[in-house]
Structures are given as C-alpha cells and as structure tokens.
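Here is the structure we will look at.
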Amino acid sequence: CGILPILAVLKPFRGLRPPKEIASQLASRPYDVLNSQEARIEANDNPYSLLHIIKPEIDLPVEIDEHDEQVYNKAAGNFRKFREQGWLVQDKEEYLYIYAQTMNGKTQYGLVGCAGVEDYMNGIIKKHELTRKDKEEDRMKHVRITNANMEPVFFTYPAVQEIDTIVASIVNSSAPEYDFTADDGFGHHFWVIRDKTTIGRLVELFSKVPYTYVADGHHRTAAAALVGNEKRQANPNHRGDEEYNFFLAVHFPSDQLTIIDYNRVVKDLNKLSESELMDKLHEVFVIEEKGAEIYKPAFLHNFSMYLGGKWYSLTAKEGTYNDTDPIGVLDVTVLSNLVLDKILGITDLRTSKRIDFVGGIRGLGELKKRVDSGEMAVAFALYPVSLQQLIDIADTGNIMPPKTTWFEPKLRSGLVVHTLD
C-alpha cells in the first residue's frame, strides 16, 4: 500500500483564559515588539498584564540582564500567581477558538488551535525566515520553565471555503467571549467553540490542508516545537498524543491577511555627496522628483526615497532584477543589490549598524522625521511583499532577506494560553 501523505494538524485544547472582566487588561502586545523599558511603562499600575510573565524583568531591578536566570524564574513565579489569583482559568474541556482582529475597518478571522510539533519537524509547517539561536534559546527557556505556550504564533493557510463558512456562522450567531479595542485602536474579538460536532468538522477539514505557513513569530514557533521535541525524546513512554506534542497557533486564511511595507533608513551616504548618490542611482533607476509631499511606492520595483528634504520616485530599470526568481523578484532584494550593497556599502543587513528598519505601520512620515532630525541621511520606502510571494518562497525552500514582512495587527498575547501538561 502507498504511504499516506502527512497533512496539517489542528488540535483542540483546554485553554487557560482570563475572566471576561479583566481580559482587555491582561492581553498584551507580544514580547518581541517592545523593549524592557517600554514594557515597564505599559504594565505600570496594571497587575493583570501578561507582560509580567512574558517580560518578567519588569518586576526585577532595572539593571538586571533580561536573560538572567532570575528573570526566567520570575516568569514561572508570576505564572503561578496568575493561576492562583484566578486571572488565568483552565477550560474544563478541549475547545477550538476564534480570534478576530479589526484594523482600519477590515476584520480577519483566525482559528485558534494547536499545531503539531511533528508538522514543524517534517516541513508541513513552512518557514520563510532564518532564526537566531540566541533568540530561540531565550524562548525555549521560557517555555521550559512555564511548561506552557504563553503566546500564540501567527500562521496562515490556503483558504478553505467550508472553514470560512463555519467561522462566519459562529461569529454571526453568538456574542464574542471577549470584545475590546486596544490602545492602538485595533479591535480584538474572541469566541469559544464548544460544540463537539463543529470542532470535529473543523479538525477534519483542516486535516486536508497540505501546508501551513509561519506568517509572524518564527522564534516562538521554533522554540515551542523544539521544546516539544525535547520532551518527546526524554519520555521513554512517549505515545504521541501528549500535550507537549502540540503548540499554540492562530491560523488565518491566506486571503484575509495583509502584509504592510517594511522600510529602510541609512545613517550615511558612504562618503558620497547627495549629487554623487543621485548620479549613481540614475544608472539603475528611472527617477522622478516628487518634492516635499510624501510619495508612497505605487507598484512592484517602484521605490520611494527621501533625501535632502525631498521625496523621489525610483523605478528599477528593466534588466536590473530577476522576476523569475522568488527571491530576486522581492523589492528588498532589488534595493539591497542595486543600492544598499553596491552604492552604500551595506553588505549584511543583519549586522550592519549603519541601517535601521521601520515598519510601515509607523507611516512614511517616520522616515522623513528620522532624516530631517539628522539621525539618518536617506530613507527608502518599499512596495509591500504579497502573501503569494511569501508562500512561493516558503514552498521553494527559500529564505526571505531580513526585515521583509510586517504583519499588522499583531496578535495580543494572553487571550488563551496552552499548557504542556
């Protein structure tokens, strides 16, 4: 008999969740979008904030290293406290959940359930970014000491019409368990799927999905899967159905997501004058001066540049890029090859101190501000990557250049937690 194909896993679980009345206070931004100082400010006077668990250094002296053993122990202690205080309460049965987010009048609906460690190990869960070992190990320590996935990872999958229909039916026929607008203006809505027949059907439908894709949270995904794999190898009586074989994920259909631009600012012109830089750019771009009004890239291979108080449209000339290559077609690649590397001498985006990256959520005004202040010499805005480009790269086993994709809105952490026991 033939070998059966391995397909994606979606597993219901007994979620650990906050009572309704404190859900909006407990839910926090992810650990990696704010530094320790910002986390201290954000959680100030809010004992419920999940930041006390995912950024536990905020409850220790300011000078402590965030990777100190005390920090991880504080995470475990604070997690115990949250459970003892009834701020996180475990559902009595295994459920699936719906987590929806609203930004600028558009709502996207994610299916919350556990993904499989095995799926990560054998490539059913596809990646498009490299991970750093130090960041992996940090989150692995956090998972080990809390014995939980405190924060979900953000996955996407090829949309399935019947899953969309079931989700819409639940959303339209019942009030959400949690429903609030965060300080950034984004709406967060959360439903519990308790009906066993519905859960069974969703699991069955999801089992026909060939692959899922990490959209955001590569380090959290790797950490969760690697700790699960450690536990599997350490258990002589391993069966495969233990809770550590699964980790927390929110799965969004691919046709509902939007990737926004991820832009670049550079500290200096590599000893060139502004006119010398423009001469070199003219060799590979069709350039139009746009004046003082902000210019946003309008199509693929069209860039926006802010230099010397003026905005410019830069359109890459034919023959300077490779649209048949899933990496070569990306505008981050085109900009790196034509400008950052060859003209400005920035060869490694991961290590260079001369470049910084600005998520498009901040707007292009942020680029102007950083150049006008004198902190940066020039800024480049890029046309956003499409989700199809991301999928093409993951499907071909390629890796995107650093700082290519920016997803908004970010998932709030703490609406549901997955324990590994």
### Calculated from backbone phi, Karplus (6.51, -1.76, 1.60) coupling profile of region 264-281 in Hz, x at Gly/Pro
10, 10, 10, 6, 8, 9, 6, 6, 8, 7, 4, 5, 5, 4, 4, 4, 5, 5
### Query
Using the alpha-carbon centroid of each, what span in Å lies between region 377-421 and region 155-217?
19 Å
### Query
Between Val286, Val266, Val329, which gets the highest mean-square fluctuation from a Gaussian network model of the chain, Cα cutoff 10 Å?
Val286
### Summary
For the chain, averaging the sequence separation of alpha carbon pairs under 8 Å that lie six or more residues apart and dividing by its residue count, the contact order in percent is 24 percent
### Message
Averaged across orientations, what area in nm² does the convex hull of the alpha carbons in region 165-215 project?
### Response
5.1 nm²
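Hey, what does the equivalent ellipsoid look like for the chain, semi-axes from the Cα gyration tensor as sqrt of 5 times each eigenvalue, largest first, whole Å? Walk me through the numbers before you get to the answer.
On the way: eigenvalues 307, 126, 88 Å².
Output for the chain: semi-axes of 39, 25, 21 Å.
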### Accessible area in the full protein assembly, largest first, 1.4 Å probe, for Glu137, Glu243
Glu137, Glu243
### Message
Can you give me the angle between helix 69-84 and the longest principal axis of the chain, using Cα atoms only, in degrees from 0 to 90, rounded to the nearest 10?
### Response
50 degrees
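Using only the Cα atoms, work out Rg/Rh for region 278-418, with Rh taken as the Kirkwood radius, to two decimals. Write out the running numbers ahead of the final one.
Values: Rg = 16.1 Å, Rh = 16.3 Å.
Ratio of gyration radius to Kirkwood radius: 0.99.
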## Note on the structure
In a Gaussian network model of the chain with springs linking alpha carbons closer than 10 Å, the residue among Ile98, Ile64, Ile54 that fluctuates most is Ile64
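Counting pairwise Cα distances across region 93-151, what percent come out greater than 14 angstrom? Spell out each step's value before the answer.
On the way: 1279 of 1711 pairs.
Distances greater than 14 Å cover 75 percent of the Cα pairs.
Considering only protein heavy atoms and a 1.4 Å probe, what is the carbon-and-sulfur percentage of the accessible area of the chain? Write down the numbers at each step before the final one.
On the way: 9080 of 18730 Å².
The computed percentage sits at 48.
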### Task
Could you work out which residue, out of Val117, Val332, Val378, moves most in a Gaussian network model of the chain, that is, has the largest mean-square fluctuation with Cα springs under 10 Å?
Val378
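Could you order peptides 81-94, 206-219, 245-258 by the average number of other Cβ atoms within 10 Å of their residues, highest first?
Details: 81-94: 14.6, 206-219: 19.6, 245-258: 21.6.
Averaged packing, sorted descending, gives the order 245-258, 206-219, 81-94.
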### Query
Can you give the Rg and Dmax of region 231-303 based on its C-alpha atoms, in angstrom?
25.0, 70
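Mind ordering 229-236, 189-196, 152-159 by average Cβ neighbours within 10 Å, highest first? Intermediate results must be reported in sequence, preceding the final value.
Values: 229-236: 12.8, 189-196: 17.9, 152-159: 22.1.
Top to bottom by mean Cβ count within 10 Å: 152-159, 189-196, 229-236.
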### Spatial extent of region 69-169: Rg and Dmax, with the Cα atoms as the point set, Å
17.0, 48
### Message
What is the angle, in °, between the Cα long axis of helix 218-234 and the longest principal axis of the Cα atoms in the chain? Nearest 10 is fine, range 0 to 90.
### Response
40 degrees
### Query
How big is region 14-66 on each of its three principal axes, counting only the C-alpha atoms and giving the largest first in Å?
35, 23, 18
### Query
Just the Cα atoms of region 103-261: what Rg and Dmax do they give in Å?
16.6, 51
### Task
Would you please give the residues with an amide H less than 5 Å from that of Gly359, counting only those at least 5 places away or on a separate chain, with H modeled from the backbone geometry?
Asn263
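As a check on your grasp of the helix formula, calculate [θ] at 222 nm for the chain: sum -39500 (n - 2.57) over DSSP H runs of n ≥ 4, divide by the residue count, round to the nearest 500. Before the final figure, lay out the partial values.
Details: 13 runs with 123 residues, N = 421.
Computed ellipticity for the chain at 222 nm equals -8500 deg cm²/dmol.
Over region 268-421, calculate the relative contact order: mean separation of alpha carbon pairs under 8 Å at least 6 apart, over the residue count, as a percent.
Values: 178 pairs, mean separation 39.6, N = 154.
It rounds to 26 percent for region 268-421.
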### Query
Cα centroid distance between region 47-123 and region 294-359, in Å?
36 Å
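For the chain, what is the accessible area per residue in Å², given a 1.4 Å probe and the full set of protein chains? Intermediate results must be reported in sequence, preceding the final value.
On the way: 18730 Å² over 421 residues.
I get 44 Å² per residue for the chain.
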#### Entry: Angle between the chain longest axis and helix 161-173 axis [Cα atoms, degrees, rounded to 10]
70 degrees
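The values are calculated or read from the model by the stated rules, or taken from the named source; none is laboratory data. The shown structure was predicted, so the numbers you read here are calculated from the model rather than taken from an experiment. Here Cβ is always computed from backbone atoms with ideal geometry, including for glycine, and neighbour counts include all displayed protein chains. Side chains are part of the model used for accessible areas, which takes the heavy atoms of the whole protein and leaves out ligands, DNA and RNA. Shrake-Rupley method; radii C 1.70, N 1.55, O 1.52, S 1.80 Å.
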